[in-house]
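Participant: Pasting a structure here, questions to come.
The values are calculated or read from the model by the stated rules, or taken from the named source; none is laboratory data. Model, not experiment: these values are computed from the prediction. Backbone-built Cβ (ideal geometry, glycine too); neighbour counts: all protein chains shown.
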Amino acid sequence: MHQNEEELIKKLQQGEQEAFKKAIDLYQNMVYNTIISIVQNEADAEDITQEVFIQVYQSVGSFKAHAKFSTWLYRITIAKSLDNEKRKRRKKRFGFMQRLFGEDGEAQYHPVEFNHPGVILDNKEKAGELFKALQKIPDNQRIAFTLNKIEGLNNNEIAEVMNTTFYAVESLLARAKANLKKELKTYYLQKTSK
Amino acid sequence: MMEKDKNIERQIEDAFNSIKGINKATPKPYLLTRINARLNSPVKNNWESAAVFTSRPSVMALGLCLVLAVNVGVMLLNTSSTNKPVAERSATITDEDESSATFVSIDNIENP
């Protein structure tokens with residue numbers, strides 16, 4: 001582990017506010033970029049980013065230096081993002097009841113079209129189609145693909161984050177790509193037949 | 001047909017290429033301030049959370065339906081038992097019931 005990182009963790013564990021500020025400065029883009037790529041909604045991503053850092057603040061004491069700090073942070077980030085997805089799916093199931101009786105039944109689900117802020121303007125449409133297809137593949141494939149293609153992690157780093165082997169990640173990425181191709185093909189076939 | 005397939009293959013390839021060199025998305029400024037505000041906001045205790053949950057219109061409506069359903073169920077059970085012929089109803093009284101029954105006469109009440 002890098003010496004600076006070790007020092008930062010030690011200070012975080014001692015509850016130093018300055019260290020917490022530094023951790024946010026260092027890792028906020030990494031956390032937010034991962035979350036927004038998974039949940040595909042800016043407001044939710046802002047919210048979950050805050051939750052991730054609150055979790056870090058509250059449980060950094062239990063962090064053991066077996067893994068890198070960024071690996072631990074990625075794990076929290078992914079867990080929180082997937083929790084949010086599950087919550088949304090549950091809400092969607094009861095959406096009808098909520099619209100009948102609840103006051104917050106409107107506009108709870110993210111729009112179908114999502115534009116990642118980091119994509120250049122010329123690629124927005126194509127990237128939107130890819131992100132839409134990403135929502136339809138299994139969670140572990142989606143996470144591996146996101147960490148690789150959007151966060152730029154290599155297979156070893158992904159294996160560490162996902163607590164699996166290098167070969168398992170390789171297989172996950174291959175399956176993710178095949179499933180994405182299948183989803184995109186269906187989409188483009190429907191589009192051309194219209 | 002071949003042309004159509006090729007076209008779709010090209011579109012798929014374009015979609016994959018669209019995220020090459022993607023920039024990192026960044027959160028809105030003052031993240032630390034917002035996190036600190038959340039950390040310092042009062043935490044709801046279990047009773048408050050329960051009160052908020054039960055006061056939701058959907059939960060109240062569900063509770064009301066449940067109470068109505070129980071009432072209707074009890075009513076139906078009672079009407080079905082009172083609809084039985086008198087002979088059948090009296091036959092259900094066992095000897096034990098009879099021996100354990102105490103009769104209160106007007107004398108008992110006046111002279112306990």
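Participant: Evaluate the range A:99-106: report whether one residue or more is at pLDDT below 90, in a helix (DSSP H, G or I), under 30 Å from B:Ala61 (Cβ atoms) and of a type outside the set (D, E, K, R).
Facilitator: The answer is yes, given that some residue of the range A:99-106 is at pLDDT below 90, in a helix (DSSP H, G or I), under 30 Å from B:Ala61 (Cβ atoms) and of a type outside the set (D, E, K, R).
Participant: Please state which of the following conditions A:Ala133 fails to meet, knowing it meets all the rest: (1) modelled with pLDDT of 90 or more; (2) at the interface with chain B (Cβ under 8 Å from one of its Cβ atoms); (3) surrounded by fewer than 15 Cβ atoms within 10 Å (Cβ to Cβ).
Facilitator: (3)
Participant: Among the listed residues A:Lys132, A:Lys136, which satisfies the condition of being basic (Lys, Arg), under 16 Å from the mean Cα position of the chain (by Cα), outside any helix (DSSP H, G or I) and under 29 Å from B:Asp5 (Cβ atoms)?
Facilitator: From the options A:Lys132, A:Lys136, the qualifying one is A:Lys136.
Participant: Kindly state which helices (runs of 4 or more DSSP H) lie completely within the range A:1-87 and contain at least 3 residues that are at the interface with chain B (Cβ under 10 Å from one of its Cβ atoms).
Facilitator: A:17-39, A:42-59
Participant: Please count how many residues of the range A:23-52 are without any contact (Cβ under 8 Å) to a residue 40 or more places away in the chain and within 14 Å of the chain's Cα centre (by Cα).
Facilitator: Residues that pass the stated criteria total 12.
Participant: Then there is this: Quick one: would you say B:Arg56 is charged (D, E, K, R) and at pLDDT below 90?
Facilitator: The answer is yes for B:Arg56.
Participant: I've got another one for you. Run A:Phe20 past the list (1) of a type outside the set (Ser, Thr, Tyr); (2) in contact (Cβ under 8 Å) with a residue 12 or more places away in the chain; (3) surrounded by fewer than 21 Cβ atoms within 10 Å (Cβ to Cβ) and report the number of the one that doesn't hold.
Facilitator: All conditions are met except number (3).
Participant: Residues to consider are A:Leu73, A:Leu8; find the one that is touching a Phe, Trp or Tyr at 6+ places or on another chain (Cβ under 9 Å) and either modelled with pLDDT of 95 or more or under 22 Å from A:Arg142 (Cα atoms) (or both).
Facilitator: A:Leu73
Participant: Okay, next question. Residues B:Ala61, B:Ala50: which one is facing chain A (nearest Cβ under 8 Å), surrounded by 11 or more Cβ atoms within 10 Å (Cβ to Cβ) and not hydroxyl-bearing (Ser, Thr, Tyr)?
Facilitator: Step by step, each of B:Ala61, B:Ala50 is checked, and only B:Ala61 is facing chain A (nearest Cβ under 8 Å), surrounded by 11 or more Cβ atoms within 10 Å (Cβ to Cβ) and not hydroxyl-bearing (Ser, Thr, Tyr).
Participant: B:Arg89 passes all but one of (1) at pLDDT below 85; (2) of a type outside the set (A, V, I, L, M, F, W, C); (3) closer than 22 Å to A:Lys126 by Cβ; which number fails?
Facilitator: (3)
Participant: Here are B:Ile22, B:Ile35, B:Ile8: which of them is facing chain A (nearest Cβ under 8 Å), farther than 20 Å from A:Leu26 by Cα, aliphatic (A, V, I, L, M) and surrounded by 16 or more Cβ atoms within 10 Å (Cβ to Cβ)?
Facilitator: B:Ile8
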